[in-house]
Structure formats: structure tokens, C-alpha cells
Amino acid sequence: MTRRNMKSAAHSQLRPQGGPLLKNLVATALTRLGQRRADVERDLQRINRRVPPSPGDGEHYNDSFVFQGSSPDHEMFMSRLAFRGDGDSAEVWVFLDLGGRKLVNLNPIVHGVSRTDTQISAGGLTYTYDPQADTWRITYDGPLDGAERGQIEMEYHPRSAIYLSSRDMDPGATGKAMAEMPWSRAYFQKLGSERQVRMEQGGALRGEVRLDGERSALDLRAFRDHSWGKRDWSFLNRYIWNIIALQRPLHIDGEAYDYFCFTIADYGTSFRHLVAGWIAGPHHVRPIVAASDMGAIAAGGEIPARYPIHFQPKNGPLLSGVVSRLGTAQPWLMQNGRFEVNEAYCQVTLEGIEGQGMSELGFSSRCGIPRPWFT
């Protein structure tokens, strides 16, 4: 099969495919109505600080901060601070893969956390934002599985335009995903209760790691992620999240793009083929509007070492690549083991351009997927 025919076949399998024309149009219009300018302006003010829950948000409220970075030399750092419910407990993740040496924090759930809007800290992990320099300081001091004491000091510097879901997520793509679902009053009530906002941005992480006093310098291409809103892991069936930094820019319509986030999700009874993500360069960000059918990737729960990806940025060409998970995987179990988040260092080839980052897959136990810890 020629490359052109392969592209054509991949394009025909992209999701979401939508429903009848009228249903697509109505769903797109409803999505546009939800992108209110006042909400976007408020969200832009929230991206660098904690966002407390609003009345009625309930126990599944989530305010999550992530910093992740990687290098071509098989080095990866990932950390996450997620404040749950009313903000007095947090999920704390620290994960290092240094050339195959895996280190992970030992206490992923912390209770009695400060509820301040500005302090982003728990379990020895702290994020501090400097608005004058527009940089973040990431520090960790505590035990790691693989070292009695781990000390991390890094700075994050932005390098790309910001993706903000309430502003940049494409209403046409979301509308098609809605149109694939059966509609009812209960469907729209549930959909309205699940609002979540996400910002993501490419950048650089530089600093050092000290493991039992032994120092290692890190210089990583990086991402930051801040999301807030309802996150009930039990609503999700499966998802795939790839965050990738390319080693040289991909050019589309004269613009350079060197970071991309590829996200596809089966979000229970809300969306079967929700497509999110973006490609970004220093000045421009484009949402992804169509992507691979997730049913073709890890459908049986066996995470592949390599898998193809296909996606289309808005007003752009179909892009194709291959993701290779090379690192030691780290699983995190959510909601009493009912949902697994599994992440690993990965390398990618996208349209002939090399890159690296993190491959994260999520699985719900209710899908009947035979993960070892679900049995």
C-alpha cells in the first residue's frame, strides 16, 4: 500500500464521525453557546493559582497541576499535585525515569492540606509561580522508592502558546462527539454537571535531582497542565494522553509547531469518541479536531510497546506517527482501585520528525479489561 493510500485509509477511520447532519449542527451550536466570553476571561485568571470548588461541586471536584519533562536520552520527570473535594486532601505523584532507573514517591495520598488559593504544596512537593518572570519553581524533598531521600529543584519556563479548553477546544469536533450519543434530558443534565477546564502549555524544565546526595542535572523539554472541575474517574471507560516535544519544528501553513498533546477518551455515557489536544509553537496553538479510533489501541487492556497515531489539527493536514513506550511504566490506582492511570517515557516519530515525552493510558475496571490489579 502506498503512503498516499495509507493516509487515505487512516483518514477514513478518524473519530468522531458524528451523527446525522442536523444533529451535528445542533450539537455544535450548543457547544458554541457553552463557550461564553466571561467564562474564558475568568479561566485565564485562574490558570496560575488554585481554583477552589464552587457550591455543589461535590466530592469528585479536582484541581490538578502537572509538570512533566523529557529528553532524547531517556530521561523523564513527572509530578502532579491534585487537590480533591473541598481541597483538604491531595494526590501527590513524583515519578522519575533516569535511563531506565525508576524512582517514585511512596505516599501518593496526603490529608490535612492547606486550603489557601495560593499555596500549591503537599507531601513534600511544592509549586511556586513567579508572575514577574512567568516561571514556576518545582521542588520535592522526601522518600522515593529507589532512594532513601530524593531532592528535586527545577524551574519551568514557557516556550509555547497556551491551550485553554474553554477557549480553544473546537466546537465542531465536540459537537460531532455529542451527536454520536443518544440524547435525553438525563444526558444533558449529566453533561452539564461534568464541566472541566484544562490549560496546557509546552516549555522547558531545568534543574537538578539529588538522590541520597548524588547530584544529576536535568535539561528537559516540558509541559505543564492545570485542570479544574469535576473528575469522577468512574465516569471514564478509557483514555489515551500523549504529550510530546518534537526535536525540530513541524511546519504547517508557514507556522512552526514543536509541541503537541494527543488526547482521545471514551467518557462513559457522555462521549464515546471525545477528541481533545493541540499542536503549538511559540505564537500559535491549533486544536486537534479528529484522531485515531481508540478502539484500535490497547482495546483489550494490554498496553502495546508501539502504537500508531493519526490526527488532524484544525484547518490542517492529517498527521501520522508512531509512539514507542520505552520506559518502565508507573501505574497509579484511583478511587479504591477502580481506575488505573499508567504512564511511561516514550519516543515518537511524527511525519518523519523525532520527539519524546510521556504516554499515559487510563482504564476503568468496569469495562471488564483484565488488568492484573482488577482481578
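The values are calculated or read from the model by the stated rules, or taken from the named source; none is laboratory data. Everything numeric here is computed off the predicted structure, so don't read it as measured data. Glycine also receives a Cβ, built like all others from the backbone with ideal geometry; neighbour counts cover every protein chain displayed. When the accessible area is computed, the model is the full protein with side chains, heavy atoms only, and any ligands, DNA or RNA have been set aside. Shrake-Rupley method; radii C 1.70, N 1.55, O 1.52, S 1.80 Å.
Suppose R0 equals 56 Å; then what is the FRET efficiency for R37 and R101 from their Cβ-Cβ distance, rounded to the nearest 0.05? Before the final figure, lay out the partial values.
Working: r = 48 Å, r/R0 = 0.86.
Once the sixth-power term is evaluated, E becomes 0.70.
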- Query: Can you give the accessible area of R159, probe radius 1.4 Å, in Å² rounded to 10?
  - Reply: 110 Å²
- Query: Using a Gaussian network for the chain with springs between C-alpha atoms less than 10 Å apart, which of these wobbles most: S364, S193, S227?
  - Reply: S193
- Note on the structure: Rounded to the nearest 10 Å², the accessible area of S184 using a 1.4 Å probe with every protein chain kept is 60 Å²
- Query: Got a sec? What order do D225, D168 fall in by accessible area at 1.4 Å, biggest, i.e. largest, first?
  - Reply: D168, D225
- Task: Work out the count of Lys pairs in the chain where the Cα-Cα distance is under 26 Å, with the pair 8 or more places apart or on different chains.
- Result: 9
- Task: Filter the DSSP H helices in the chain by two things, a Kyte-Doolittle mean of at least 0.5 and an axial alpha-carbon span of 18 angstrom or more, and list the hits by number.
- Result: 21-34
- With DNA, RNA and ligands ignored, accessible area of K176 (1.4 Å probe; Å², nearest 10): 90 Å²
- Query: Highest mean first, what order results for 60-67, 126-133 on Cβ atoms within 10 Å?
  - Reply: 60-67, 126-133
- Using alpha carbon centers only, region 26-45 is separated from region 103-172 by a whole-angstrom value of 27 Å
- Task: Mind ranking 69-81, 136-148 by how tightly packed they are, going by the mean number of other C-beta atoms within 10 angstrom, highest first?
- Result: 69-81, 136-148
- Item | Karplus-derived 3J(HN,Hα), 6.51/-1.76/1.60, for each residue of region 265-279, Hz, glycine and proline x | 8, 9, 9, x, 8, 8, 9, 8, 9, 7, 10, 9, x, 6, 10
- Percent accessible area from carbon and sulfur atoms, region 296-349, protein chains only, probe 1.4 Å: 51 percent
- Might you tell me the accessible area per residue for the chain, computed with a 1.4 Å probe and given in Å²? 43 Å²
